[in-house]
Amino acid sequence: MMPPIEATEIPWTSMDSSPDRIKVIIKNVLKTNPAVSQAATVICNTFEEIESEALDLVPNSLPVGPLEAPPASSSSATGQFWPEDMTCLAWLDAQARNSVIYVAFGSFTVFNATRFQELADGLELTGRPFLWAVRPNFTDGVVGEGWLDAFKRRVEGKGLVVGWAPQQRVLSHPSVSCFVSHCGWNSTMEGLRNGVPFLCWPYFADQFCNQSYVCNVWGTGMKLCADEHEVVTKEEIKGKVEQLLGDEEIKVRAAMWKDKACTSIAEGGSSHQNLLKLVNLLREQ
């Protein structure tokens, strides 16, 4: 069963308004769906307890998640697009427990200048410590390096801006209080695995559906809402941060799902057993 979702946020309408882009997405879905049913096994980065109804619709699915990469060495980060700034971990060590807002939007999200500056101003307006991952191509080029450098200087001591963060280690850090996220599936699983409440800001494709799971099904986060100009304002960011961090029920549910996620990958758990099944299937080939 699919969670409730706005009609305007269905994957093939939320990418952009280009008819050609929409046509490509629909053709891809029509091509992929039959292939899924023909596959002997579909390996999924999820676990049975979190979306059993959806998994029932894919009888050949084998959920083995939440998946986690092994700790990266100091010289390389497996599977990452950009070098991870490990200095942010020492900065997190110096922050109070459950105090830091972690902000990251994955590998593809692009903000225009207005959205970028409202986000920056909103984080500053919260008055809380924040760690913000701003990769090199995060904006569309309108925001200059000079503006970002000035912002970094202005929030020095309170906020930290890095190019790319070791996300799994950040989300497991005791100082992190919430995760402002685009709700990509990997980020969603990582946040869930670590019991971190979400502020959801999806960009395209399945991220809107993932947001609905977080907010409407699992109850572990809140949605950031845009104004009539499609901008999430600094006041909205400040208000939702305060609302989220003051909601004890969300924190309890986040902790509950963390426990279920950890149980699933522990020895004897559902994902652990499915992983053993996968190993046996590979040995039979």
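The values are calculated or read from the model by the stated rules, or taken from the named source; none is laboratory data. Given the structure is predicted, the values throughout are model-derived calculations rather than measurements. Neighbour counts are summed over all protein chains in view; Cβ atoms, including those assigned to glycine, are modelled from backbone coordinates with ideal geometry.
On the given criteria, is VAL196 within 17 Å of PHE105 (Cα to Cα), of a type outside the set (S, T, N, Q) and modelled with pLDDT of 95 or more?
Considered against the rule, which asks whether it is within 17 Å of PHE105 (Cα to Cα), of a type outside the set (S, T, N, Q) and modelled with pLDDT of 95 or more, VAL196 comes out as yes.
Consider TRP164 against the criteria (1) out of contact with any helix residue (DSSP H, G or I) (no Cβ under 9 Å at 6 or more places or on another chain); (2) surrounded by fewer than 18 Cβ atoms within 10 Å (Cβ to Cβ); (3) touching a residue at least 24 places away in the same chain (Cβ under 8 Å): it satisfies all of them except one. Which criterion is unmet?
Answer for TRP164: the failing condition is (2).
Can you tell me which residue within the range 153-206, out of those that are polar (S, T, N, Q) and part of a loop (DSSP other than H, G, I, E, B), is farthest from ALA7 (Cα to Cα)?
SER175
So which of GLU249, GLU230, GLU242, GLU236 is outside any helix (DSSP H, G or I) and either within 20 Å of the chain's Cα centre (by Cα) or of a type in the set (D, E, K, R) (or both)?
GLU230
Only one of ARG283, ARG253 is closer than 27 Å to PHE105 by Cβ, of a type outside the set (Val, Ile, Thr) and surrounded by fewer than 18 Cβ atoms within 10 Å (Cβ to Cβ). Can you tell me which?
Working: ARG283 fails: closer than 27 Å to PHE105 by Cβ.
Residue meeting the stated conditions: ARG253.
Does GLU156 qualify as being more than 22 Å from GLY246 (Cβ to Cβ), surrounded by 21 or more Cβ atoms within 10 Å (Cβ to Cβ) and either more than 19 Å from the chain's Cα centre (by Cα) or of a type in the set (Asp, Glu) (or both)?
Against the criterion (more than 22 Å from GLY246 (Cβ to Cβ), surrounded by 21 or more Cβ atoms within 10 Å (Cβ to Cβ) and either more than 19 Å from the chain's Cα centre (by Cα) or of a type in the set (Asp, Glu) (or both)), GLU156 does not qualify.
Identify all residues within the range 167-186 that are surrounded by fewer than 22 Cβ atoms within 10 Å (Cβ to Cβ) and among the hydroxyl-bearing types (Ser, Thr, Tyr); write none if there are none.
Matches in the range 167-186: SER172, SER175.
Name every residue in the range 69-97 that is exposed (fewer than 14 other Cβ atoms within 10 Å of the Cβ) and at pLDDT 75 or above, in order of residue number. It would help to see each step written out before you state the result.
Taking the range 69-97 first, the residues exposed (fewer than 14 other Cβ atoms within 10 Å of the Cβ) are 70-71, 73-76, 78-79, 81, 83, 87, 90, 93-94, 96-97.
Those that are exposed (fewer than 14 other Cβ atoms within 10 Å of the Cβ) and at pLDDT 75 or above: PRO83, THR87, ALA90, ASP93, ALA94, ALA96, ARG97.
Can you tell me which residue within the range 256-279, out of those that are assigned to a loop (DSSP other than H, G, I, E, B) and touching a helix residue (DSSP H, G or I) at 6+ places or on another chain (Cβ under 8 Å), is surrounded by the most Cβ atoms within 10 Å (Cβ to Cβ)?
Only one residue fits best here, namely GLY269.
A quick yes/no check of all residues on (1) modelled with pLDDT under 75; (2) within 26 Å of CYS215 (Cα to Cα); (3) surrounded by 11 or more Cβ atoms within 10 Å (Cβ to Cβ); (4) not β-branched (Val, Ile, Thr):
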residue	(1), (2), (3), (4)
TRP12	yes, yes, yes, yes
VAL24	no, no, yes, no
LYS31	no, no, no, yes
ALA35	no, no, no, yes
ALA39	no, no, yes, yes
GLU49	no, yes, yes, yes
ALA54	no, yes, yes, yes
VAL58	no, yes, yes, no
SER61	no, yes, yes, yes
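List pairs: first in the range 205-220 and surrounded by 20 or more Cβ atoms within 10 Å (Cβ to Cβ), second acidic (Asp, Glu) and outside any helix (DSSP H, G or I), Cβ under 8 Å, 6+ apart or cross-chain?
As it stands, the answer is PHE208/GLU6; TYR213/GLU51, since those pairs meet every condition given.
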